[in-house]
1. Taking into account only those residues within region 267-314 that are acidic (Asp, Glu) and farther than 18 Å from ASN227 by Cα, which is surrounded by the most Cβ atoms within 10 Å (Cβ to Cβ)?
2. Using beta carbons and a limit of 9 Å, which pairs, at least six apart or on different chains, have the first residue in region 207-233 and more than 26 Å from MET1 (Cβ to Cβ) and away from ligand 2 (no atom under 16 Å from the Cβ) and the second one among the polar types (S, T, N, Q) and part of a loop (DSSP other than H, G, I, E, B)?
3. Would you confirm whether or not region 166-188 contains a residue that is touching a Phe, Trp or Tyr at 6+ places or on another chain (Cβ under 7 Å), assigned to a loop (DSSP other than H, G, I, E, B) and within 16 Å of ligand 2 (Cβ to nearest atom)?
4. Name every residue in region 18-43 that is in a helix (DSSP H, G or I), in contact (Cβ under 8 Å) with a residue 40 or more places away in the chain and within 16 Å of ligand 1 (Cβ to nearest atom), in order of residue number.
5. When residues of region 390-439 are filtered for being of a type in the set (Asp, Glu) and exposed (fewer than 14 other Cβ atoms within 10 Å of the Cβ), how many remain?
6. Among the candidates GLN90, GLN166, which residue alone is surrounded by fewer than 16 Cβ atoms within 10 Å (Cβ to Cβ) and over 23 Å from GLU68 (Cα atoms)?
7. Could you please let me know if SER49 is outside any strand (DSSP E or B), crowded, with 18+ Cβ neighbours inside 10 Å and more than 16 Å from ligand 3 (Cβ to nearest atom)?
8. Would you confirm whether any residue within region 307-330 is among the charged types (D, E, K, R), touching a Lys or Arg at 6+ places or on another chain (Cβ under 7 Å) and more than 16 Å from ligand 3 (Cβ to nearest atom)?
Amino acid sequence: MKVMKFGGTSLGSPQRMKEVAKLITADVDSKIVVLSALSGTTNALVEISSTLASGNKNEAKLQIDALEQHYQTFIELLFNTDDAKLKAKQLLAEHFEFLTIILKISFSEALNKDILAQGELLSTKLFSIYLAEQNIHHVLLPALDFMTIDSYDEPQIGTIKVKLAQLMQRNKDTNIFVTQGYISRNAKGEVDNLKRGGSDYSASLIAAAVNASVCEIWTDIDGMHNNDPRVVDKTLPIEQLSFEEAAELAYFGAKILHPASIWPAQYYNVPVRLLNTMDPSAKGTLIAEQAGSVGVKAVAAKDSITAIKIKSSRMLLAYGFLRKVFEVFEKYRTSIDMITTSEVAVSVTVDNDIFLADILKELELFGTVEVDTNQTIVSIVGNEITETKEVMRKLFESVSTIPVRMVSYGGSKHNISLLIPRSYKEEALKCLNKGLFGLE
Ligand code: ADP
Ligand code: ASP
Ligand code: MG
């Protein structure tokens, strides 16, 4: 059994969706196909939701109509037969009727999640109608029947495993299953999701749950590149990464993978392949237990970071001081990404400032607190890089013009992180591309 996940751009046009159908029927292996929403849909739904939240129903109606129009055009080009077109029209009517009904309901967080789920529900159902039109036998598995998260938003892999096995058992003679990425049910039984970009996470969780032979992530680029291609002109694909390396890159901003998407595959030792739907024969990137090589592999950047410095000449070296600081973050379920200490101060970074005001209030009891918002973590990732010669010299020479606020070295063997102001990110990534990879 393998898992094949296709992202939004891989489904962005009727032609692309037809190509996805070809890719999933290119061999006879059993597979679970995980689909995102069509590109642009989740963004459109986020916009509809925030327009509704602000009470502007007329504007929301216009946005819903524009999205419906996009889908009407899409189905005209996707289907050949009247029967399939009719089914697709009924499907659109059902989902857009739901969106129109919500205009009359008062806005809530649960409703927001229902709105966001429409993208994956639509893409998978349209794809299913298309497969049926092509006489491709398959079964649609509703993710809301097996993908569950607990009250801390953590996926419940044990429950997912049991529920998915039961659903698949009922369709023993099927070898193509199709399901939604991103969407899930929460502890209250409501529709929820795995956060933006979450279809990768769904795919990895499903691959872990069924002990898949491989988890293929099909996207619009030929694998993990050595730098962010949205920022830097010349980047190259990486042939192989260890789970640890890939997890660091995903967590520290490489958008090609959802930040949490590696751990399920790693835990259950399912290799992950990053592949390109636009160029299916390209090698892509293999993510497995072995790193394949040593040395610097890639850099990535994570924005919207807040740095907090707590200064206390009196308490810093006292036993238990760091514990007390960490307990504040634990209390507000806010995880710390980077930490550095000196004799009189400790600096930490967080990527979630929902509870920042409460956290600061409690930290102020320990000493003087300084906050810098709008920072970026730049991570340099590679197998055993902290033991690779010359890395530090090249790294610091590359960023000599950048005001580095914090450095984290030695926390793991495969990551060195720098904290810099967000406004220097582009320059830092370009300088590192030249200094570490010789690419301009
Ligand atoms: P999908 O819709 O398939 O989930 P995403 O847009 O989420 O695709 O992820 C693919 C995009 O990630 C690429 O088009 C690329 O611009 C971006 N990206 C950022 N960093 C990297 C990187 N290091 N390697 C490859 N792609 C990256
Ligand atoms: N459709 C969702 C999003 O745009 C999930 C995903 O694409 O992975 O965030
Ligand atoms: Mg994605």
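The values are calculated or read from the model by the stated rules, or taken from the named source; none is laboratory data. None of the values given here were measured: they were computed from a predicted structure. Neighbour counts run over all protein chains shown; Cβ positions are idealised from the backbone, glycine included.
1. From region 267-314, those acidic (Asp, Glu) are 279, 289, 303; that's our starting set.
Those left that are additionally farther than 18 Å from ASN227 by Cα: 279, 289.
Working: ASP279: 12, GLU289: 10.
Here the answer is ASP279.
2. Pairs that qualify, where the first residue is more than 26 Å from MET1 (Cβ to Cβ) and away from ligand 2 (no atom under 16 Å from the Cβ) and the partner is among the polar types (S, T, N, Q) and part of a loop (DSSP other than H, G, I, E, B), are HIS225/THR235; ASN226/THR235; ASN227/THR235; ASP228/THR235; PRO229/THR235; VAL232/ASN226.
3. Checked against the condition, which is being touching a Phe, Trp or Tyr at 6+ places or on another chain (Cβ under 7 Å), assigned to a loop (DSSP other than H, G, I, E, B) and within 16 Å of ligand 2 (Cβ to nearest atom), region 166-188 yields no hits at all.
4. As a first pass, look at region 18-43 and keep what is in a helix (DSSP H, G or I): 18-24, 41-43.
Going one step further and asking which of them are in contact (Cβ under 8 Å) with a residue 40 or more places away in the chain, we end up with 18-21, 23-24, 41-42.
Hits for region 18-43 are GLU19, VAL20, LEU23, ILE24, THR41, THR42.
5. Here is the first cut: in region 390-439, the residues of a type in the set (Asp, Glu) are 390, 397, 426-427.
Checking the rest, the ones that are also exposed (fewer than 14 other Cβ atoms within 10 Å of the Cβ) come to 390, 397.
Residues flagged as of a type in the set (Asp, Glu) and exposed (fewer than 14 other Cβ atoms within 10 Å of the Cβ) within region 390-439 amount to 2.
6. Working: GLN90 fails: over 23 Å from GLU68 (Cα atoms).
Being surrounded by fewer than 16 Cβ atoms within 10 Å (Cβ to Cβ) and over 23 Å from GLU68 (Cα atoms) holds for just one of GLN90, GLN166, which is GLN166.
7. Details: outside any strand (DSSP E or B): yes; crowded, with 18+ Cβ neighbours inside 10 Å: yes; more than 16 Å from ligand 3 (Cβ to nearest atom): yes.
Answer is yes for this residue.
8. From region 307-330, those among the charged types (D, E, K, R) are 309, 311, 314, 323-324, 327, 330; that's our starting set.
From the residues that got through so far, the ones that are touching a Lys or Arg at 6+ places or on another chain (Cβ under 7 Å) too are none.
No: region 307-330 contains no residue that is among the charged types (D, E, K, R), touching a Lys or Arg at 6+ places or on another chain (Cβ under 7 Å) and more than 16 Å from ligand 3 (Cβ to nearest atom).
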